[in-house]
Amino acid sequence: MKFSTKIATAFFTLLVFAMPAHSAGKLSIYHWFEYIPQELLDKFAAEHDVEVTMDTFDSNEAMLAVLKAGKMGSYDVAVPGDYMVEIMNKDGMLDTFESSELSNFDNMMPEWVDVGFDPGRKSSIPYQWGSTAFSVNPAVYTGDINTWSLMFDPPAELQGKINVLDSQGDILAMAAIYLGIPQCSSDRSELKALNDLLQSAKVHWASFASDSAKDKLVSGDVAASMVWNGVAARARQEGAPVTYAYPKEGYVVWMDNVVLLKDAPNRENAIKFMNFLLDPINAAAVTNFAQYTAGVKGVGPLLSEQVKNSPELNPPALPVGTFVEACTEEVQKVYDTIWLNLKK
Amino acid sequence: MAMQDINQGKNTTTHTYQGLGPSLLMPTWLMIGIFLVLPVLMMLVYSFLTKEFRGGVIWEFSLNAYDQFIFDRGLFGDDPPKMEWTYIGIFWRSILQAGIATLLCLLIGFPTAWFIATRVGNSKSIWLFLITIPYWVNLLIRTISMKFLIRENGPANEFMMSIGLIDAPLQMINTNFAVQLGLFYSYLPFMVLPIYASVERYNFSLSEAAADLYSSQWVTLRKIIIPTVKPGIIAGCILVFVPSLGAFLAPDLLGGAKSFMIGSLIEDQFGGQAGNWPFGAAVSMILLSMVLIVLTFYARLQSRRAS
C-alpha cells in the first residue's frame, strides 16, 4: 500500500535522524557521580579539540548492569573499582592497549602497575584509591572509635543513629573483617555467623544510603555513617563534626581505574584521555577535588594544603586495608540470601 | 437537495479513505507494539531464562526465577523446600503502604475536588492550576524537599515545638509514616483530577431533590453523591495505588531503604549485587499479573452491574 509505505518511510527516516552521530572529535565517559572536576573535562576538551560527554553511576554493579543491557559500544571509557575490573575483563568487556600507546605510562606508581585485577595494566590505568570505613561524631560517642563494633554492635549512644552504605559488597566485607573471617569464605558456620551478625546489627541502623551519606552527616540526621574516606573529608569540611575511624580489625581499601571499553567508538580519544589523566598535574586536580589518593608519581607537591594534611588521606601504618574480593557464584548466592534476609 | 449534497460529500470522504483503515491505524499499532507489547514480552521471556552470574541471561529455558519466589530452601539453598514468605511479605508491605497512601489521598482529595468543582467561573481553573503547580518540579526534587521538611531538626518539628504541640522532636524521617507521606504527596493530584472531572458533571438538582425528600446530608452523600461520582473515585484510586505499589524513591529517600519494597526489590535484581535479571523480570511479571487480575475483576463487576 502506497500510503503505508510513505508512513513507514517517514518513520524510519525519523529513526535514522534521531540516532546520535559519532565523529572522531568525541569522547564519551561513564563515571562515578561527583568524581571529576568539570574544569578538568573542559581542559581536556580544549587541549585535544574533543567534545566530551559524561554519564554517571552510583555503584559498580549499576554500571555493570547498564553496560550489559546494551550500552557497550556507546561509551569509550568507564571507571570501575578493583574487583569490577576483573569481572569486566573476564566477561570480555575490556579492550587492551600497549604501554607504548601511553607516553605517560611510566608515571604510574610501580606498586599499582602489577595489580591482581589487571596484571601489567593491559586495559586500565589507576584513577584514585582510598579506604572505606566510617565517621563518628565524637560528641555523641566519646569512647574509642577505632573498632567495627561501633557499626555492628553499637553502644547505646549510637543506636538508631547510624547510616550504612547501601552496598552488599562493602557491608559483607566489613562484617567479615569485624568477625575476623576470610572474605567470600564458603564455610557454613562462618556464613551463618555473618548472617546472624547483620540481623542483630540492623535493628540499630537508621538507614541504608550511599550517595546521601555525606548529607546525612552534615545535617546531623545520623551521628555515625559508613563512608569512603574522601566523602568523610568533604563532610568534615562542610561542617559535619565527625572523625574518620581506622578500625583496629582492618578496613576496606579500593582503587578505581579508568578502563578502555571494548567497541569504544572513539578509541583514539579514549587513549588520549587516559594519558591525560596520568599527567601528575591532572591527577592532582582530581585528588584536590575528590580527596582520595592518586596512583601517579609526582602528585605530592601539587596537592592543596587541605588535602596534604587531611587525616582521612593519611592512614596510620597499621592496620592495613584489604581489597573487597569478588566471590565465587556459590558464595555469592549465599551472600544474596543474607542481603535479602537483611532487607526483607 | 441539501440532504443529497451532504450524502454526496460523505460518499466522497468514504471513497478517499476506502480500504485505508488498517494503515491509518498504524501509528496506534506502532505505539502499542513498540512501547507496550514489546517491552512486556521481553520481560516475560527473560523471566523464563537462566540467570547469568552478575547480570545478564543465558538463553536456556528455566523456571528458577519463579521457583525462587515460591520456595524457601534456606541460607545455603539445600534445605528441603518450604513455602517462601519473604517475597509475599515484601508484596504485602508494599500493598499496605500503597493502600494507606491511597486512603489518605482519597480523604484529602475528595473534599478538595468537591471544593474546586463547586467554585464558580474562572476561579475553578485557578484552583486546578494551583493543584498542578508543584508537579512541574521533578519528583526526585520534591521527595528530597520533603526529607528536609520532616527531618529531626527540620521546619516541621520546629513548628510543632514552637506552638507547644510536642516537647521533643518527633522521629519522622526513616519511618513508614514518612514513606506514606511521601507517596501521598507525590500522587495527590492523580486523585483530585479524576474526582474533579466526575463531580463537575454531577447534577446538583439531585442533591436538592434529596433534601426536598428529607434526606439528611450524610445520607445524600452516601446514597446519591458517592455512587454518582464513583467512576472518578475509582479512577483516582487506581491512578494513585498502582504507581505507589512500584514506587522506590519514597521508600529509599524517606524510609531509609531499610526494607525492600516491590520497586526496590526489582531494582536490586538489575542494579544491585544480586544481578539476577530473570528473577527481577519474574517479580515484575507477578506484579503485573496481580494488577491485571484485580483490574479485570473490577471491569467484569462493573459491566455485570451495568447490564
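Laid out as a table, the results:
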{"read-out": "Hits in segment A:284-342 - residues which are in contact with a Ser or Thr (Cβ under 8 Å, 6 or more places away or on another chain), under 21 Å from A:Pro80 (Cβ atoms) and not small (Gly, Ala, Ser)", "value": "A:Thr287, A:Gln291, A:Thr293, A:Thr328, A:Val331"}
{"read-out": "Tally of residues being in a loop (DSSP other than H, G, I, E, B) and either surrounded by 11 or more Cβ atoms within 10 Å (Cβ to Cβ) or touching a Cys at 6+ places or on another chain (Cβ under 9 Å) (or both) across segment B:207-216", "value": "1"}
{"read-out": "Selected residue [touching a strand residue (DSSP E or B) at 6+ places or on another chain (Cβ under 9 Å) and aromatic (Phe, Trp, Tyr)] from B:Trp127, B:Trp85, B:Trp92, B:Trp114", "value": "B:Trp85"}
{"read-out": "Positions within segment A:195-214 being in contact (Cβ under 8 Å) with a residue 24 or more places away in the chain and either among the polar types (S, T, N, Q) or touching a Phe, Trp or Tyr at 6+ places or on another chain (Cβ under 7 Å) (or both), in sequence order", "value": "A:Asn195, A:Leu197, A:Gln199, A:Ser200, A:Ala201, A:Ser207, A:Ser210, A:Asp211"}
{"read-out": "Candidate set: segment B:94-125, residues that are closer than 17 Å to B:Gly236 by Cβ and polar (S, T, N, Q); chosen: the one nearest to the chain's Cα centre (by Cα)", "value": "B:Thr102"}
{"read-out": "Whichever residue in segment A:257-296 is of a type outside the set (Asp, Glu) and assigned to a loop (DSSP other than H, G, I, E, B) and, among such residues, is most open to solvent (accessible area, probe 1.4 Å)", "value": "A:Lys262"}
{"read-out": "Matching entry among B:Leu295, B:Leu239, B:Leu265, B:Leu249 (being open to solvent by 10 Å² or more (accessible area, probe 1.4 Å) and at pLDDT 90 or above)", "value": "B:Leu239"}
{"read-out": "Counted residues, segment A:104-118 - those being touching a helix residue (DSSP H, G or I) at 6+ places or on another chain (Cβ under 8 Å) and surrounded by fewer than 11 Cβ atoms within 10 Å (Cβ to Cβ)", "value": "0"}
{"read-out": "Segment B:252-262: number of residues that are open to solvent by less than 20 Å² (accessible area, probe 1.4 Å) and either within 12 Å of chain A (Cβ to nearest Cβ) or under 11 Å from B:Ser47 (Cβ atoms) (or both)", "value": "6"}
{"read-out": "Single condition B:Val219 does not satisfy, out of (1) within 15 Å of the chain's Cα centre (by Cα); (2) open to solvent by 10 Å² or more (accessible area, probe 1.4 Å); (3) at pLDDT 90 or above", "value": "(1)"}
{"read-out": "Total residues in segment A:297-344, condition within 14 Å of chain B (Cβ to nearest Cβ), open to solvent by less than 30 Å² (accessible area, probe 1.4 Å) and of a type in the set (Ser, Thr, Tyr)", "value": "1"}
{"read-out": "Odd one out for A:Lys192, checked against (1) in contact (Cβ under 8 Å) with a residue 60 or more places away in the chain; (2) within 11 Å of chain B (Cβ to nearest Cβ); (3) open to solvent by 30 Å² or more (accessible area, probe 1.4 Å)", "value": "(1)"}
{"read-out": "Among (1) open to solvent by 10 Å² or more (accessible area, probe 1.4 Å); (2) modelled with pLDDT under 95, the one test that A:Gly230 misses", "value": "(1)"}
{"read-out": "Segment B:265-287 - residue that is more than 8 Å from chain A (Cβ to nearest Cβ) and small (Gly, Ala, Ser) and, of those, nearest to A:Lys161 (Cα to Cα)", "value": "B:Gly280"}
{"read-out": "Where A:Ser219 falls short, out of the listed (1) within 29 Å of A:Met93 (Cβ to Cβ); (2) of a type in the set (S, T, N, Q); (3) modelled with pLDDT under 90", "value": "(1)"}
{"read-out": "Residue match in segment A:129-148 (condition: among the charged types (D, E, K, R), open to solvent by 10 Å² or more (accessible area, probe 1.4 Å) and within 24 Å of A:Ile271 (Cβ to Cβ))", "value": "no"}
{"read-out": "Subset tally (residues that are within 13 Å of chain B (Cβ to nearest Cβ) and more than 17 Å from A:Ser124 (Cα to Cα)) for segment A:68-86", "value": "4"}
{"read-out": "Subset tally (residues that are within 11 Å of another protein chain (Cβ to nearest Cβ) and open to solvent by 10 Å² or more (accessible area, probe 1.4 Å)) for segment A:149-186", "value": "7"}
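The values are calculated or read from the model by the stated rules, or taken from the named source; none is laboratory data. Please read these numbers as outputs of a predicted model, since none were measured by experiment. Positions of Cβ are backbone-derived with ideal geometry, glycine not excepted, and every protein chain shown enters the neighbour counts. Please note that ligands, DNA and RNA were not included when accessible areas were found on the heavy atoms of the full protein model with its side chains. Shrake-Rupley method; radii C 1.70, N 1.55, O 1.52, S 1.80 Å.
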